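**Q** Dropping a structure here in structure tokens format, bear with me for questions.
The values are calculated or read from the model by the stated rules, or taken from the named source; none is laboratory data. Since the structure is predicted, the reported quantities are computational estimates derived from the model, not experimental observations. As a convention, Cβ positions derive from the backbone with ideal geometry for all residues, glycine included, and neighbour counts pool all protein chains shown.
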Amino acid sequence: MKTFAALLLGLFVAASMASAATPLTGKLVALDAGHGGTETGAVNGVYQVYEKDVNLDVVLALKAKLETDGALVVLTREGDETMDSRKSRVDLAIEKCNALYGRKCDILVSVHHNGNTDPTHDGTLVIYNEKQDRPLAQALHDALIAGLGLNDEGYLNGGYGITVYGHLVSALTEAYYITNNNEAQAWRAGTRTPQEVDALYNGLVSYFSAKTGGKPRGR
């Protein structure tokens, strides 16, 4: 029979574990760094910044931040790999989630950065495909707008790209235009990625909090 002291210790440990839980605890998140390898994505010629590198930089930092709060994270690419197709990215995410955790991914977020011929143009856009994807797209969009403070280009039902495949709850983010010289310079200086990662993190906390009826907790 447990002593009273042991019972109190058990209750304290249980309470500590409960308080340490976050809306992200146990959530299985697939992150896709858009482009890669021979597919560079948008390019800033002035600062020689390739979208594929910015995408991966953000994904790796976001993975670390999510895992700190108890999320389970899989990546479609971890280096400068050339991916066969957008569909293969989704297939790989599904395969990794099943192989590592024995279940379907809760969500997939594909991280991109936009391009424009005007080096001063900037803004934030999030794309989704199916009705089930809209709450995720809206949560990420709202957090990016709040965190980066750029022109609002909306969250759009794009009907193309990675959000079409696999019937995963998914969204594709275009946080800013890497062809914007100020953005490329800020990324090279190492100041833009932490801001974007914090915003994406807050968006995911908001999304999962809403699904469980909890209150969002930003950072």
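**Q** Note down all Cβ pairs under 8 Å where the first residue falls in segment 179-207 and is free of Cβ contacts under 8 Å to residues at least 60 places away in the same chain and part of a helix (DSSP H, G or I), the second is surrounded by 22 or more Cβ atoms within 10 Å (Cβ to Cβ) and of a type outside the set (Ser, Thr, Tyr), and they're at least six residues apart or on different chains.
**A** Close Cβ pairs (under 8 Å, with a partner that is surrounded by 22 or more Cβ atoms within 10 Å (Cβ to Cβ) and of a type outside the set (Ser, Thr, Tyr)) amount to Ala186/Arg192; Arg192/Glu183; Ala199/Ala143; Ala199/Leu144; Ala199/Ala175; Asn202/Ala143.
**Q** Identify all residues within segment 181-205 that are crowded, with 24+ Cβ neighbours inside 10 Å and over 12 Å from the mean Cα position of the chain (by Cα); write none if there are none.
**A** Within segment 181-205, Glu183, Ala184 meet the criteria.
**Q** Would segment 91-114 turn up any residue that is under 16 Å from the mean Cα position of the chain (by Cα) and within 18 Å of Gln185 (Cβ to Cβ)?
**A** Yes, there is a match, as at least one residue in segment 91-114 is under 16 Å from the mean Cα position of the chain (by Cα) and within 18 Å of Gln185 (Cβ to Cβ).
**Q** Name, by its number, the condition in (1) surrounded by fewer than 18 Cβ atoms within 10 Å (Cβ to Cβ); (2) touching a residue at least 24 places away in the same chain (Cβ under 8 Å); (3) farther than 24 Å from Tyr201 by Cα that does not hold for Asn44.
**A** Answer for Asn44: the failing condition is (1).
**Q** Would you pick out the residues in segment 94-140 that are under 18 Å from Asn202 (Cα atoms) and either assigned to a loop (DSSP other than H, G, I, E, B) or small (Gly, Ala, Ser) (or both)?
**A** Asp106, Ser110, Ala137, Ala139
**Q** Quick test of your reading of the structure: Asp84 fulfils all but one of (1) in a loop (DSSP other than H, G, I, E, B); (2) touching a residue at least 40 places away in the same chain (Cβ under 8 Å). Name the failing condition by number.
**A** For Asp84, the exception is condition (2).
**Q** Select from segment 83-105 the residues that are farther than 12 Å from Ala30 by Cα, of a type outside the set (Asp, Glu) and at pLDDT below 90 and list them in ascending order.
**A** The answer is Met83, Ser85, Arg86, Lys87, Ser88.
**Q** So which pairs qualify, if the first residue must be in segment 121-148 and over 16 Å from Asp198 (Cα atoms) and in contact (Cβ under 8 Å) with a residue 24 or more places away in the chain, the second must be acidic (Asp, Glu) and surrounded by fewer than 20 Cβ atoms within 10 Å (Cβ to Cβ), the Cβ gap must be under 8 Å, and the two must be at least 6 apart or on different chains?
**A** Here the result reads Gly123/Asp152; Gly123/Glu153; Leu125/Glu153, each pair linking segment 121-148 to a residue that is acidic (Asp, Glu) and surrounded by fewer than 20 Cβ atoms within 10 Å (Cβ to Cβ).
**Q** Within segment 80-110, work out how many residues are surrounded by 15 or more Cβ atoms within 10 Å (Cβ to Cβ), closer than 22 Å to Arg134 by Cβ and among the charged types (D, E, K, R).
**A** Count: 4.
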